[in-house]
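These notes are about the structure you will find just below.
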Amino acid sequence: MSENNPTFVLSPGPHLHTEESTSKIMWWVNGSLAPAVLWGVFVFGFNAALVVLASIAGAVLTEFASQKALGRRPTLTDGSAVCTGLLLALTVNPNLPAWQAFLGAMFAIGLGKMIFGGLGFNLFNPALLGRAFLMATFPLNMTSGWAMPRPWFGAPLDAVTTATPLAVLKEQGIEAAVQLVTSPAGLWNALALGFRPGSIGEVSLVLVALGGGILLARRIITLAIPLSVLAGVALSTLHTGVPLLHLMSGGLWIGAFYMATDYVTSPSTTRAQIAFGLLIGLLTGIIRVYGGYPEGICYAILIANAMAPALDLWFRPRRAAIAGSPS
Amino acid sequence: MTHSSSSLHTFGRGGIHPGPHKEATASREIEDLPAPSEVVLPLLQHLGEPAEPCVKKGEMVRRGQKIAEGGKTGVPLHAPISGKVKPVDKRPHPTMAIAPSMAIGANAEAGPELEFPEDPEWRNLPLEEALSRVREAGIVGLGGAAFPTWRKLEFARAAKVDLLVMNGAECEPYLTSDYRVMLAWPTEIVEGSVLIAKIAGAKKVQIGVESDKPDAIEATTKAAAALTQREIPVEVVPCEARYPQGAEKQLVFAVSGRTVPARQLPSAVGVLVQNVATAHAVYEALRFRKPLLDRILTVTGPGIVQPRNVRAPLGASLADIVEFCGGIKPETNRMVAGGPMMGRALPRLDVPLIKGMNGLVMLTGRGPLEDGFGPCIRCGRCLDACPLGLEPDQVSVRVEVGRTLDCEPHGALDCYECGCCSYVCPSSRPLVQFMQVAKSALRRAAATRSAS
Ligand code: SF4
Ligand code: SF4
């Protein structure tokens, strides 16, 4: 043993480490999104697949290029750029031209993440910044021309210019919304299974909830943020008489389970997370009922993101009574 | 492995379940190291002044004979083997690189171990006599801190403690030495605890043992029930297996429900904490006047060929001890003295076994920091894991940008370096070290302030 003088690592303790790592967490998030993505692609057809691929490519290439340019270590394998690309794709119109999705993802990563210093330093959720950019730049492609579901097999369902249920609710009232979603299947059935117009990822609440369930079971997220977002929406839409329609619609669940729970842009302590979630939920309801957009979760989360660091400092962990050794 | 904590005693917040990793040695009895040819005894084995040799070089000494005086604050040293005294010299030390040390070369001519006949009055010694036997036996805290036990007892008595909490938690992964000690000498530990309680003036003993050691709980419970003298009740308290259950303040809360206030010692709430192996040593010191000559440690980890619980004379070379355990596998890349959570990595094995060393863990595979670390992704895991409610994430990002002096509100001064935060961080951030950096910068700043 001492003959060949092996050298030993003198790292400081602790000398054990959890199996969990940032990249494992990210790939679990990506994997948990797979059912909703695949279903969205199945329901909306070929262009949806193109949008998903373009968005991921835009995110990954932008991250890689900016790290090369800055001489930083490329971190593509950590899965977080793929995650941003996927999440962005889920929030856009399946009929969006793929190059626009690509641009949106470039914006999300370049100006939403790398410019702040990369993973961990960004203030706003990059995917939602990308979506906001697309809304501002290509508003027509983002908000109209919603495809009715057109499965890969069988005749495409017609009505290329249908509005989403929330838009109908906003513009034409509850009866019209109900009529729209009841056309291929029943109202709640439609909301849950995805046979209705909408963005790629929002069409199936069941599959988004399944993905969220995986993240909960893997303890990647807790219920603190998603539940308080949903509670906030329920509170702020109660007076409209259709809080359930609000709760079961739109990208709310993607927002609650995937966007609002993004570690970097949300607070870290449970109490701060509850405040953060409620804020998002209330803002979403207010935007939907009184604001100019049918869907409000995207802007609600972006606004709350800006408050996350402050929330962390307001709701600090409670110091244990025993803390502190005699000095 | 996670117990519903409702029925078990445990501490308040935070903590982790790093996995016991104790299988390799838990069922192995304590085995004696074959007599070493040399032992090395650093003169400074604990906080305080160094021991003063009282034998000359070349002198023959018998195992058990006093070879150095402890002075006003320390404890004496005894010859752990019979042999010939070598000159005091600077020799490699496990934590101080190099330190002045005595050494004894084994020599049959020196004669056998001294005899330690029983003192029939051992249960009823006057306080002064009992305390001086603890001191003369060279006993220090065997849980790792290695602070002279007689001083801790004296202090506890002055502070009027009423409860003795025995630490049998052994919450560090991999280590099983306390566990095997509890199985081998339950009666001695219970008797020793009562002796300690009497010296310290405590009225009651509670032994905290993690619930994943049911046979140790059973053995100590039986021994407590069989006590003939019952003026000091002894209770065994099963605790949840959760790191750091064995940290003093956590354990005191778990077994007694008492909260040791911030920046104070357990004596502030009337408690003295002692390790179970120390109780065994105190028992031998009072009943037989036998000094502390050996130490029991767990030699384990994926890098050791034959994991064992070993009893070795103090001062034996770690290389000999490792050799006794079949040597290390070529893939070993870290050698940790103590447990893997709070122990220190050793650069070499040609160092002596010292009193506070309860384990030697050989680890393979890449260490937590070998691939560098990533940015804080603000996941909050470290906040949930910290048993003290500190904010290692906030401290770490401030230290990274040089704002060490802004770290005090986030708990940098209160960190006791248990390592829970570093363990859980998915970005492998060395949070304990960030806490240390901030702590020493804050201390330095405070010192400069008070100096000017
Ligand atoms: S090392 Fe310090 S900051 Fe980290 S968990 Fe332990 S006490 Fe908390
Ligand atoms: S565990 Fe690591 S990544 Fe997570 S908040 Fe703490 S320091 Fe940041």
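Values for this structure:
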item	result
Selected residue (only one of B:Leu227, B:Leu293 is over 30 Å from B:Lys66 (Cα atoms) and among the hydrophobic types (A, V, I, L, M, F, W, C))	B:Leu227
Search result, residues across region A:89-114 that are surrounded by fewer than 24 Cβ atoms within 10 Å (Cβ to Cβ) and touching a strand residue (DSSP E or B) at 6+ places or on another chain (Cβ under 9 Å)	A:Asn95
Sole exception among (1) at the interface with chain A (Cβ under 8 Å from one of its Cβ atoms); (2) near ligand 1 (Cβ under 10 Å from one of its atoms) for B:Ser428, by number	(2)
Failed criterion for B:Arg295 (all others in (1) within 14 Å of chain A (Cβ to nearest Cβ); (2) under 14 Å from the mean Cα position of the chain (by Cα); (3) at pLDDT 95 or above hold)	(1)
Residue list for region B:208-231, filter: free of Cβ contacts under 8 Å to residues at least 60 places away in the same chain and in contact with a strand residue (DSSP E or B) (Cβ under 6 Å, 6 or more places away or on another chain)	B:Val209, B:Glu210, B:Ala216, B:Ile217, B:Thr220, B:Thr221, B:Ala224
Selection from region B:298-328 of residues that are out of contact with any Cys (no Cβ under 9 Å at 6 or more places or on another chain) and more than 14 Å from chain A (Cβ to nearest Cβ)	B:Thr298, B:Asn309, B:Arg311, B:Ala312, B:Pro313, B:Leu314, B:Gly315, B:Ala316
Residues of region B:362-391 satisfying the condition of being near ligand 2 (Cβ under 6 Å from one of its atoms) and within 26 Å of the chain's Cα centre (by Cα)	B:Cys382
Residue within region A:302-317 that is outside any helix (DSSP H, G or I), of a type outside the set (Phe, Trp, Tyr) and within 14 Å of another protein chain (Cβ to nearest Cβ) present	yes
Selection status of B:Ile207, within 24 Å of B:Lys22 (Cα to Cα), in a helix (DSSP H, G or I) and not small (Gly, Ala, Ser)	no
Residue within region B:293-304 that is part of a loop (DSSP other than H, G, I, E, B) and touching a His at 6+ places or on another chain (Cβ under 7 Å) present	yes
Residue within region B:385-398 that is more than 13 Å from ligand 1 (Cβ to nearest atom) and without any contact (Cβ under 8 Å) to a residue 60 or more places away in the chain present	yes
Residues that are part of a loop (DSSP other than H, G, I, E, B), in contact (Cβ under 8 Å) with a residue 40 or more places away in the chain and either within 11 Å of ligand 2 (Cβ to nearest atom) or more than 10 Å from chain A (Cβ to nearest Cβ) (or both), drawn from region B:399-425	B:Cys425
Selection count, region A:72-96, where residues are outside any helix (DSSP H, G or I), farther than 15 Å from A:Gly120 by Cα and among the hydroxyl-bearing types (Ser, Thr, Tyr)	1
Only one of B:Leu153, B:Leu125, B:Leu114 that is under 18 Å from B:Gly74 (Cα atoms) and either touching a residue at least 24 places away in the same chain (Cβ under 8 Å) or among the charged types (D, E, K, R) (or both)	B:Leu153
Hey, B:Ala226 out of contact with any Phe, Trp or Tyr (no Cβ under 9 Å at 6 or more places or on another chain) and more than 29 Å from B:Val336 (Cβ to Cβ) or not	yes
Identity of the residue in region B:249-267, in a helix (DSSP H, G or I) and more than 9 Å from chain A (Cβ to nearest Cβ), that ends up farthest from the chain's Cα centre (by Cα)	B:Ser256
The listed residue being closer than 20 Å to B:Leu142 by Cβ and surrounded by fewer than 24 Cβ atoms within 10 Å (Cβ to Cβ), out of B:Ser267, B:Ser256	B:Ser267
Output for region B:431-451, where each listed residue is within 12 Å of chain A (Cβ to nearest Cβ), within 16 Å of ligand 2 (Cβ to nearest atom) and not polar (S, T, N, Q)	B:Leu431, B:Val432, B:Phe434, B:Met435, B:Val437
Residues satisfying the stated conditions in region B:350-389, i.e. in a loop (DSSP other than H, G, I, E, B) and more than 8 Å from chain A (Cβ to nearest Cβ)	B:Val351, B:Leu353, B:Ile354, B:Lys355, B:Gly356, B:Met357, B:Asn358, B:Gly365, B:Arg366, B:Asp371, B:Gly372, B:Phe373
Among residues of region A:64-90, those that are free of Cβ contacts under 8 Å to residues at least 40 places away in the same chain and polar (S, T, N, Q), counted	0
Region B:329-349, residues that are small (Gly, Ala, Ser) and at the interface with another protein chain (Cβ under 7 Å from one of its Cβ atoms)	B:Gly343, B:Ala345
Every residue from region A:119-144 that is under 30 Å from B:Ser396 (Cβ atoms) and surrounded by fewer than 21 Cβ atoms within 10 Å (Cβ to Cβ)	A:Gly120, A:Phe121, A:Leu123
Whichever residue in region B:357-390 is small (Gly, Ala, Ser) and touching a strand residue (DSSP E or B) at 6+ places or on another chain (Cβ under 6 Å) and, among such residues, is farthest from B:Pro302 (Cα to Cα)	B:Ala385
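For every residue, the table says whether it meets (1) more than 7 Å from chain B (Cβ to nearest Cβ); (2) farther than 30 Å from B:Met342 by Cα; (3) at pLDDT 85 or above.
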{"position": "A:Phe8", "(1), (2), (3)": "no, no, no"}
{"position": "A:Thr22", "(1), (2), (3)": "no, no, yes"}
{"position": "A:Val37", "(1), (2), (3)": "yes, yes, yes"}
{"position": "A:Gly40", "(1), (2), (3)": "yes, yes, yes"}
{"position": "A:Phe44", "(1), (2), (3)": "yes, yes, no"}
{"position": "A:Leu50", "(1), (2), (3)": "yes, yes, yes"}
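The values are calculated or read from the model by the stated rules, or taken from the named source; none is laboratory data. These numbers were taken from a predicted model, which means no experiment stands behind them. FYI the Cβ positions are ideal-geometry reconstructions off the backbone, even for glycines, and counts take in every protein chain you see.
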